[in-house]
1. To the nearest 10 degrees, how steep is helix A:29-56 against the longest Cα principal axis of chain A, on a 0 to 90 scale?
2. Report, to the nearest 10°, how far helix A:3-24 tilts away from the longest principal axis of the Cα atoms in chain A, using its own Cα long axis and a range of 0 to 90°.
3. So how long is each side of the stretch A:125-177 along the principal axes, counting just the alpha-carbon atoms, biggest first, in Å?
4. What whole-number distance in Å separates the alpha-carbon centres of the stretch A:89-135 and the stretch A:573-605?
5. Please compute the Kirkwood hydrodynamic radius of the protein assembly as shown from all pairs of different C-alpha atoms, in Å with one decimal.
6. Provide a whole-number value for the mean count of partner chain Cβ atoms within 10 Å of the Cβ atoms in peptide A:229-236.
7. Give the Kirkwood hydrodynamic radius (Å, one decimal) of the stretch A:413-473, defined as one over the mean of 1/r across all pairs of different Cα atoms.
8. Let me know the whole percent of all Cα-Cα pairs from the stretch A:367-493 that are separated by more than 17 Å.
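Nothing in this text is a laboratory measurement; each read-out follows from the coordinates by a stated rule. Keep in mind that what you see is a predicted model, and the values were worked out from it rather than measured. Counting neighbours? That spans all protein chains shown, and the Cβs are built from the backbone with ideal geometry, glycine included.
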């Protein structure tokens, strides 16, 4: 509780004691009024003051004014104890509300407590702490055990275990050694690390994530927009109804002014839409916060809304369902040696950053002279063409071989086959295979239990490879040998197949699939540790490489939406009920106060459940 | 230019919404958001008029929620 809240609590207690005293004093007439005005003033003077001040500013339907009017009205109709009690309970509710919101704000903020405060940089032989903002790319920083890694970089010296839990939700620490990349926001657990900074703070992973999460509340869900609109009309409507209720029946039926004014005052007490205005955004915010605790970054409440209605999930294969780490498993040369074939392929692909090229280079394992390779041409979806040692080398799939008119033969090993042709003559092929992620099959099964009706895999890979993986994982549909543009067409086709209300999610690794990510109803990028493209293109970012987090995200989205709907229905139902009862003269001020602040408090408590998420 | 400001003593969610609506109506403001939960306000407006527009923003906020302070 902060200072302001403590003062309020003191005023509430003092007023409560004075109220009890006032009830016990056997006074009548003006003395009785004076005795009740004391506790009223103690607890409500600021409301009255704000009401007067805000009217001067042209703010008529503000909740201070409404409470002031309702309680002052109660004094006029002679219900002194009610007038004080309503104000008292209103303040109790407000206090609790501010406390609860403060608490949940804090617990959400602590989830995002990944901002590094300082970086250790060596200057003239001594370590000094500087603001991470001041560190330039290329500087060497030192991270001691227990400290947060302030900036993205490459380890120069030292080895350690790094805790990535704050970013990924993954509890197992990661081992790093010289040459490895480290990501800001993680915690260095054991050894001393010297790291060369590769990105300025503004560009670093931690800054990007913080920016994303902080701005997530700006992207409002439909339910939030509904509440905003509703709030705009609700208060004036209730106030006008109250006015009519106070004036019309006595005029038509004659007399009974005090009774009808009393009923109208009940309306005024319920006229604030606070329960909805606070609890709905708080639920979405809690859902986003709870998801980020699991390493799932959601860019806005609107995406949770869409995600909860996911009907079709489309996966990219490489890097999403499979590890994306290719290993050369077979080398079948036609007339040269295995080493020669591998060297040719590795050199031809040396400029490419495709996972296949990387694994070829890795298998080759030797440094090579870049001047041996020239005229590199990347042929999207097919392979590469390059001049190596003055000879034209084509390395790629069967489509490329057909295109250049080289007769090739398939391999009986399942995997990605890279055919190599030298000066138009077939030289042999290399088979590279990828491994399915350990949780991929479980991820697909978990989606089914979350109500996803169709799971589809799209891949640029060969038919045999794609179908083998799809069968292993239990996917409903698989489309193979697709060029990047074909993936968009496939997704468009799938969009027409799903039901009107259902949504389609596309899951990719963020590399090369930006167009598909944006074409789908919701784009999910995974393995975002360090990949900027993924963070920018997707609506939801999974910080670790686990496809099983998709089902977790859907579950959190559904839970959040359920809480939002509960709150909307509950708040509206209670308010409507008390309005009807109030108009009929059955409800009193007490029920009205409950319908206002009581409902607010309950809705906030319910909203805070969204923050809690299990694995 | 897009700038964000911390807000202090923003106590009611309804007022935050009213502030946002009010700021959006100011001439020159391209976008604005007032987040009750983050206690934060973001204003997008053209660079050359930003300071003038901010004066209007401060005025609007003071009118709607006089207790709320904008920290720069």
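1. For helix A:29-56, the angle is close to 40 degrees.
2. Tilt of helix A:3-24: around 30 degrees.
3. On the principal axes, the stretch A:125-177 reaches 34, 22, 19 Å in Cα extent.
4. 38 Å
5. Numbers: mean 1/r = 0.0341 Å⁻¹.
Mean inverse Cα-Cα distance, inverted, gives 29.4 Å.
6. Numbers: counts 0, 0, 4, 4, 0, 0, 1, 0.
Mean shielding by partner chains, rounded to a whole number: 1.
7. Numbers: mean 1/r = 0.0722 Å⁻¹.
After inverting the pairwise mean of 1/r, the radius is 13.9 Å.
8. Working: 5258 of 8001 pairs.
So the portion of pairs separated by more than 17 Å is 66 percent.
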